[in-house]
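The numbers here are math on the coordinates, done by the rules we state, and not lab data. Small disclaimer: the values here were computed from a predicted structure and weren't measured. Every residue, glycine among them, receives a Cβ derived from its backbone with ideal geometry; neighbour counts consider all protein chains shown.
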Amino acid sequence: MNVEQTLQRALGNLSRLQAERGSWPSDYGGPMFLLPMWVALAYVSKRLPDAQRTARLLTYFTNVQRPDGSIGLHAESTSGSMFTSTLSYVAMRLLGLPADDARAVRLLEWIHGNGGALGAASWGKFTLCLLGLYDWKGIVPLLPELWLLPAEAPLNPGRLWCHARMVYLPMAWLYGTRSTAPDDPLLRALRLELYQGRYAELNWEAQREVVAKADSYRPATAALKGVNLAQVGLEKLSGLLRKRALEECLKLIRHEDAATHDLDIGPVNAVLNMFVHFFRGAEGRADFERGWPKFDKAYLWDGHDGLKMQGYNNAELWDTAFAIQAITAGERAGLLSLDDTKSVLGKAYVFLRDNQILEDVPEAARHYRHPSRGGWPFSDREHGWPITDCTAEGLKCALALEGRFEKRIPEVLLHDAVKLILSWQNDDGGWATYEKQRGGTWLEALNPSQVFGDIMVDTSFVECTSACVQALVKARERFGSTFQLDEPIARGVKFIREQQRPDGSFEGSWAVCFTYGTWFAISALRAAGVSRNDPAIRRAVSFLLGKQRQDGSWSEHGDTCRERRWLDGHEGHAAQTSWALSALVRAGCEDKAALEKAAQWLCARQGEDGSWPREPMVGVFNRTCLINYDCYRHYFPVWALAEWTHVTTSVASP
């Protein structure tokens, strides 16, 4: 095992993958409901791609189709989803695939054999409505009038997690106007195929809450059923406020477009916003024409398995921050010299510097936005939504590289980042994602998605809290008494302690799963000064050691997140092994043989080009949907191996 050679090769690989602007663009695909929604928009707006791109799109659908003919919620699902199978079937047909093509035949057979398209989850039914493939009467009302409620009202949508808020906003406008594509022969054929000729006979009102077993992850609660009944009743009174409500929704939609340079917070609300502008007709043409090319460029990705839709416009800031920390860890371990890293880190620092957010959005409070100045986004400044952990990782990198390059980030902007992190801390001591928690956790009982969990409220997370605690510790070292940081750090540590499970693990919410959460938790506790002999640290170490595989690696299956219990993966996983090794090193683990075995496995796993092989997707959101962070396999092994090497040549801290 030659760790220095491993890191040298890995640095060469990272250098080749780095874009000219200093970031690491990569595949961030996986969710299978995204692409069909875009194809629906392309069809309705007569913007279907050319033959070459169409072939690549169909290649992707083919590659993710399961042996039973279905398509899962994400590309590696272990079961089919009626939601994504139905939308994917429609998309493939809209792209020109004949109904008698074997792929279409198998997919439609699965749909009919598992209850039919009437059981598609709510977002699927909604998309079908836009195409005239499902009747609006079969949709639970999405009242635009809710956006007229006072800001303090418990059911004002401004209290929702921002991703849910920005999806249900254009949905409310589209529902309120009953926007539907003009009929044509292909759409008529699809109605016959999906419903086996029964479309005109269906009692649509009776279909409102029908959901296939495959899509029933969050069954309707009694509270949701009651609210749905109330909305059906209120819909009958909609004429009184509907015009004003639609105008309010449109103002908020256009503000989101402007604040994000037409990228919007994510691909779902970007597609739905463009549906809004398309159905506005001549009045919306300029908004649609401005947004369409931005969306195409930002969200479509031609990968090894076909042309797909990314889950965000990119993950470049997030990946760049972690790559910086991996490389600087290699420097500290003496495995990478400053001359080796100067070019790569210099470009990365420019990207970091140029993508910090410099101003708040106009009329932020009026449009349900938290302040933004000083933050870092998940992707880039153009997108403009700052996130707690991205800001924290960005600040850590800015402080680590401070003074190494000529044009530095002004100190006032570093101060702004600290202030923003402090402004985000929740009452429970933790940090959520984009904003402070705005609504009660009881709102999750009204989750109407059926296929996702924990989408209604932005609650505190172990990972976000850990990143913010670590950043504040670094800020305290750098700025001294400029900020009062002891108490916020202590509250964050208390929150993390409270999240530890009886087996010693910490559950992650944004990657798979217990290795990730436990790595973050240990990292924050140790950064804040918690002893390696602390019971929480010892229990976490015991948990991780108990999950190490015979070959030295770690591997969790993606269904761990859905089931919220450890499930072994099929083979060792480089990213998860890196998290576990790093966590154990930071915790002061004394089992040197276990650490060395993990390091040996990582070194042996590396390819000659310095990369690590593609492996199962390791990102996740909302409990059920995996997503691909392709860069994780390129830099996390570097980071873990560097840290392991560093401690083997120095005395462990108490």
Margin query: Could you sort the peptides 570-576, 225-231 by per-residue average Cβ neighbour count (10 Å cutoff), highest mean leading?
Written below: 570-576, 225-231
Note to self: Using the basic label-point model (7 angstrom from Cα toward the beta carbon), what is the residue 570 to residue 178 distance in nanometres?
What the structure shows: 4.9
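Viscosity 0.890 mPa s, temperature 25 °C: Stokes-Einstein D of the range 443-579 from its Kirkwood Cα radius, in µm² per second?
Reported coefficient: 152 µm²/s.
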Next item on the list: Per DSSP H run of n ≥ 4, the term is -39500 (n - 2.57); total these for the chain, divide by its residue number, and report the mean residue ellipticity at 222 nm rounded to 500 deg cm²/dmol.
Entry: -16000 deg cm²/dmol
Check: Which Cα, out of 59, 217, 98, lies furthest along the positive dipole direction of the range 34-309 (beta carbon charges, K/R +1, D/E -1)?
Finding: 217
Note to self: Between the range 575-654 and the range 348-411, what is the separation of their alpha carbon centroids in Å?
What the structure shows: 27
Check: Given 133, 203, 595, which one lies farthest toward the positive end of the charge dipole of the chain, if we put +1 on the Cβ of every Lys and Arg and -1 on the Cβ of every Asp and Glu?
Finding: 203
Check: Which listed residue (481, 570, 527) has the Cα farthest towards the positive end of the charge dipole for the range 475-607, taking +1 on Lys and Arg C-beta and -1 on Asp and Glu C-beta about the Cα centre?
Finding: 481
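Just the number: Rg to Rh for the range 1-53, Cα atoms, Kirkwood Rh, two decimals.
1.28
Mind scanning 46/137; 347/396; 251/436; 46/294; 46/308 and naming the pairs with a C-alpha gap bigger than 22 Å? Could the numbers behind the result be given before it?
Numbers: 46/137 26 Å; 347/396 17 Å; 251/436 24 Å; 46/294 17 Å; 46/308 19 Å.
From 46/137; 347/396; 251/436; 46/294; 46/308, over 22 Å: 46/137; 251/436.
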Check: Over what distance in Å are the Cα centres of the range 501-551 and the range 110-165 separated?
Finding: 38
Margin query: Sort 612-623, 424-435, 144-155 by packing, meaning the average of other beta carbons within 10 Å per residue, with the highest value first.
Written below: 424-435, 612-623, 144-155
Next item on the list: Determine, for each peptide in 46-53, 255-262, the mean count of other beta carbons within 10 angstrom over its residues, then list the peptides with the highest first.
Entry: 255-262, 46-53
Note to self: Take residue 332 and residue 427, extend 7 Å from each Cα along the Cα→Cβ direction, and tell me the distance between the two endpoints in nm.
What the structure shows: 3.7
Note to self: Based on the alpha carbons, how large is the Rg to Rh ratio for the range 34-309 when Rh follows Kirkwood?
What the structure shows: 0.95
Check: Once the Cα gyration tensor of the chain is diagonalised, what are the square roots of 5 times its eigenvalues, in whole Å and ordered largest first, as equivalent ellipsoid semi-axes?
Finding: 42, 28, 24
Check: Which value, in debye to the nearest 20, describes the size of the charge dipole of the range 34-309 about its Cα centre when Lys and Arg Cβ atoms bear +1, Asp and Glu Cβ atoms bear -1, and nothing else is charged?
Finding: 280
Notebook entry, point to check: What is the extension gain from residue 231 to residue 551, computed as 0.36 nm multiplied by their sequence separation minus the C-alpha to C-alpha distance, in nm to one decimal?
Noted result: 109.6 nm
Check: Relative to the Cα centre, what is the charge dipole magnitude of the range 220-350, using +1 at the beta carbon of each Lys and Arg, -1 at the beta carbon of each Asp and Glu, and rounding to the nearest 20 debye?
Finding: 660
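Please state the relative contact order of the range 34-309 as a whole percent: Cα pairs under 8 Å, 6+ residues apart?
Across the range 34-309, relative contact order equals 24 percent.
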Next item on the list: With +1 on each Lys and Arg Cβ and -1 on each Asp and Glu Cβ, and nothing else charged, work out how big the dipole of the chain is about its Cα centre, in Debye to the nearest 20.
Entry: 660
